[in-house]
Amino acid sequence: MRKLLIVDDERIEREGIKMLLKNMHFPVEIVEAENGRKACEILEQQEIDLLLTDIRMPFMSGMELVRRTREMNKDIPIAIFSGFGEFAYAQEAIKYGVTDYILKPVKPKEFQQTIQQMLKKCSEAEARKEEKRSRNGLGDKYLLQKYLFTGKEKYLKAIMQGDMEGKNPYGIDKIHNIMLVDTDENFFEENGIPLIEELKKLMDRKIEYLDLNSNQMLLFFFKSASDNYGRIAGVVSDYLKNHYSVKCYIAVSRTVHNPGDIPQIYQELDDQMENKFYHTDLRIFTYESENDSDEDGGSSQNKDYVKCISENIRLKDREHLWDNYRKLIGQIRRESMNSQMYIKFIFSGIISELYEEMKAGNSVQMREKIEAIYQAGSLEEICRITEEAIKAFELWLQKMEQGARSDIDRVKQYIQYHVNEDLSIDKLAAQVYLSQGYLSSVFKKETGMNLSRYIRQCRMEKAKELLKNTNMKVVQICEKVGFANVSYFCQNFREYCGVSPDKYRKGESADEEMDE
């Protein structure tokens, strides 16, 4: 909603303008001032989007107010109320960029047209400002997004070339750490840009960002004297909680040594964020260097493979389950563990977790396996029993995934037909009677992308279709594809397509230029 300031020393005139605005249902919040001096105070204290001012007023004329407004670097649309005898004064306003006049007595139709024009100028100015922002810092956000999602070198080269041409001290090759911030609500649609500006001031450092969707944002940090990123993530989390009453999850990346690693690091962050479904008590997930041992041995004494196996079972990650299981066996052999009871305790626990996940925690098979573990006379026999349980888990997973494929198709179909609605993961999971964590994990395995990214893709593709095949206004299309904020929709569209919605409608497209 835009904030509109009405300046007139006649109260009856202000009331009349307010009544017109209300009757015409303009999306504006009205602020009043009885003279130019008071208006200057309001302009200094508040963010005003539109200004309507009379010319003749005590203390400070409308012309003086216009001049001072421009001196404050307030590049906002201004309309002047003037009578026929005052038109010469109004002409002076041209040098200050004022092109909108409302003649007294006010005619409703002309007034409506003027306000519509001013609101349009507001949106256009905001779009230009955001487009300029999107091409600063990390180059073109469209290219950055393409590079993150595809990993194609041509996008990295294009970003690097843009950075070098602008001699950018904060280019993609200077990124030191990346954080993925995830909220439970559509927070970034309205508050993303203000939050970034507030964090920059709070931390006194350069921060770049990329919107992934209305509840996820990537933050890019550059080398600084203070680089404890776990602590920085805590500051971000606390700030969101204390200033916006919003709870968030933050995945913190490993150190970025090379821009060529960024797509892989993004995938790691996306995988880290899956932990929010399994560790609801944690809010910050930091990357831990594994320092795994090689086949010929290495330093891995501090690696807790039992904990990793537990995670793999909960995440239904077969590949890493087998990998960590073999590393656990290697660790036991290298360290010559001589407590058979402790080894049996470890593997009986693994078997118990496998069967608990298969919803067979009290089954005869589980009890038989655990009893066999405690009766085993060698590590080889313990391994054979455990591997039989892992294979049973694999078979169970295969059956589950076969059923899940049809569930994923149902979710995708639901998204396609409901792009204008709330598509939170809890709502989608309820559609197919799956847990949020399992749906998220299986959806990513089946489609190669997370749910949030898929939803955004569907919304953008629908927007492209409506822009090409209908005469609907951008604001209407925005609503049709599930966005409440037009500016945020336009920003997302530019980052997805490389051009604004208006330019796309006219046939311009960055895809044709970049895609092979």
Taking 7 Å along the Cα-to-C-beta vector as the label spot, tell me the Met341-Thr470 distance in nanometres, rounded to one decimal. 7.2
Please report the carbon-and-sulfur percent of the accessible area for the chain; probe 1.4 Å, protein heavy atoms only, DNA, RNA and ligands left out. 47
Here is the link list: Lys154/Lys327; Lys22/Lys74; Lys201/Lys444; Lys391/Lys427; Lys3/Lys107. Which ones come out longer than 30 Å on Cα distance? Lys154/Lys327; Lys201/Lys444; Lys391/Lys427
Can you tell me the FRET efficiency between His243 and Glu47 if r is taken as the Cβ-Cβ distance and R0 is 22 Å, rounded to the nearest 0.05? 0.80
So how do 451-463, 259-271 stack up, highest first, on mean other-Cβ count within 10 Å? 451-463, 259-271
Given 0.36 nm per residue, what is the gain on full extension from Ala430 to Asp409 after removing their alpha carbon distance, in nm? 6.1 nm
Report, ordered by chain and residue number, the lysines lying within cross-link reach of Lys157, taken as a straight Cα distance under 25 Å and ignoring same-chain residues fewer than 8 apart. Lys132, Lys141, Lys146, Lys167, Lys174, Lys206, Lys223, Lys503
Rolling a 1.4 Å sphere over the protein heavy atoms, what is the accessible area per residue of the chain, to the nearest Å²? 52
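Quick check on packing: order 199-206, 383-390 by the mean number of other C-beta atoms within 10 Å, highest mean leading.
Working: 199-206: 13.5, 383-390: 17.1.
Output ranking for 199-206, 383-390: 383-390, 199-206.
State the extension gain, in nm to one decimal, for the chain segment bounded by Lys445 and Asp9, taking 0.36 nm per residue of separation less the distance between their alpha-carbons.
Working: separation 436, 0.36 × 436 = 156.96 nm, distance 6.55 nm.
Between Lys445 and Asp9, full extension yields an extra 150.4 nm.
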What is the local net charge at Asn312, summed over the other residues whose Cβ is closer than 11 Å to its Cβ (Lys, Arg +1; Asp, Glu -1)? -2
Rounded to the nearest 0.05, what FRET efficiency is calculated for Met72 and Lys200 with R0 set to 22 Å and r the Cβ-Cβ distance? 0.50
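Using r as the Cβ-Cβ distance of Lys399 and Asp323, and R0 as 22 Å, what FRET efficiency do you calculate, to the nearest 0.05? It would help to have the intermediate numbers written out before the result.
Values: r = 23 Å, r/R0 = 1.03.
Calculated value: 0.45.
The values are calculated or read from the model by the stated rules, or taken from the named source; none is laboratory data. If you're wondering where the values come from, they're calculated on a predicted model, not measured in any experiment. Neighbour counts run over all protein chains shown; Cβ positions are idealised from the backbone, glycine included. Protein only, heavy atoms only, side chains kept; ligands, DNA and RNA dropped before computing areas. Shrake-Rupley method; radii C 1.70, N 1.55, O 1.52, S 1.80 Å.
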